[in-house]
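Worksheet: the structure to be examined is printed underneath.
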Amino acid sequence: MKNNQSEAKFFALIIGTEILNRRRNDRHFDFLSRELLERGYRLSGSFIIEDDPALIVQTLKFLASQPNAVVFTFGGIGSTPDDHTRKAAAIALRDGRLIELPEARQIIEEHLKKMQVPNRQYPLRMAELPRGAKLLTNNPVNGMPGFYMDDRYFFTPGFPEMAHPMVREALDRFFPPRRDKSVRKSLTALTRESALIDLMEKLPEGVELSSLPKLYSDGPRVIISLSGRDPRKVDEAFGTFIRALEERGIPYSLGDETNGDE
């Protein structure tokens, strides 16, 4: 698949039983979602799963079946018995075989010498990758590489300090910042969500709606947020809401009162 920026759907696959049993806190979702938004993209989905080989394979297959999927995977590419991601990627996306990549072995050997690591045969397993894999090398912690396949499946370590520079490396290479970044306009209306459904149903194509109802001690509120890549369409749709609120005598304020982002 050739990357099409306008159609790419981004997913995060976070692998780690230690996150699900709360021995570690996840830091990947927040990082990736923010990094994508700053570049004019967004996540379509995020999954946290345990270190189960079959589940990793099944999840990768599911994500790969989504149209124009771009997947960033965190965790499980090391050499210990609970690291299953390299093999799972080979099963889900290739023929199931792991093949030693000479470039990866050379990088790993060089860093093992610097670190004076005993039992070097175990870390060298990280050079065994699915057929056609290429390397992500921006690891400022210990230099061990991640890898990617088909320019859209990216596999990084579980440690954020290692993984996040690799994510930036991949995004810089394949998904630079979009020129047509999405614009967003929000308002908070002092009414129930149901009072504005008729307006929501008439939004033009290309304008995305987010309707968030809230209930406070002084009454209901609904935060209406419109976004899209055509500023003119977003402005026109937002103006329709403003005019309707004023005609109906519904008090409102510009921005999202829940987070003050505008």
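The values are calculated or read from the model by the stated rules, or taken from the named source; none is laboratory data. All values derive from a computational prediction rather than experimental measurement. Positions of Cβ are generated from backbone atoms using ideal geometry, with glycine treated the same way; all protein chains shown enter the neighbour counts.
At a glance:
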quantity: Count of residues meeting criterion [among the aliphatic types (A, V, I, L, M) and at pLDDT below 95] in the stretch 70-106; calculated: 0
quantity: Qualifying position, being in contact with a helix residue (DSSP H, G or I) (Cβ under 7 Å, 6 or more places away or on another chain) and closer than 20 Å to LEU43 by Cα, among PHE155, PHE175; calculated: PHE155
quantity: Which listed residue, of GLY76, GLY40, is in the same structural domain as GLU169 (by TED's automatic domain parsing), in a loop (DSSP other than H, G, I, E, B) and under 30 Å from ARG184 (Cα atoms); calculated: GLY40
quantity: From the options ASP235, ASP180, ASP261, ASP172, residue that is modelled with pLDDT of 95 or more, within 27 Å of the chain's Cα centre (by Cα) and surrounded by fewer than 16 Cβ atoms within 10 Å (Cβ to Cβ); calculated: ASP172
quantity: Any hit, the stretch 74-91, residues being on the phi < 0 side of the Ramachandran plot, without any contact (Cβ under 8 Å) to a residue 40 or more places away in the chain and among the hydrophobic types (A, V, I, L, M, F, W, C); calculated: yes
quantity: Residue list for the stretch 43-73, filter: assigned to a helix (DSSP H, G or I) and without any contact (Cβ under 8 Å) to a residue 40 or more places away in the chain; calculated: PRO53, ALA54, LEU55, VAL57, GLN58, LYS61, PHE62
quantity: Residue check, LEU129 part of a strand (DSSP E or B), surrounded by 15 or more Cβ atoms within 10 Å (Cβ to Cβ) and at pLDDT 95 or above; calculated: yes
quantity: Neighbours by Cβ (under 8 Å, 6+ apart or cross-chain): first from the stretch 6-23, in a loop (DSSP other than H, G, I, E, B); second among the hydroxyl-bearing types (Ser, Thr, Tyr); calculated: ALA8/TYR41
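Each row is one residue, and each column tells you yes or no for (1) part of a strand (DSSP E or B); (2) within 26 Å of ARG39 (Cα to Cα).
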| residue | (1), (2) |
| --- | --- |
| GLU169 | no, yes |
| ARG178 | no, yes |
| SER210 | yes, yes |
| LEU215 | yes, no |
| ALA244 | no, no |
| SER253 | yes, no |
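One line per residue, one yes/no per condition, for (1) touching a residue at least 60 places away in the same chain (Cβ under 8 Å); (2) surrounded by 14 or more Cβ atoms within 10 Å (Cβ to Cβ); (3) in the same structural domain as ASP52 (by TED's automatic domain parsing); (4) within 31 Å of the chain's Cα centre (by Cα):
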{"position": "LEU98", "(1), (2), (3), (4)": "no, yes, yes, yes"}
{"position": "PRO102", "(1), (2), (3), (4)": "no, no, yes, yes"}
{"position": "GLU110", "(1), (2), (3), (4)": "no, no, yes, no"}
{"position": "GLN121", "(1), (2), (3), (4)": "no, no, yes, no"}
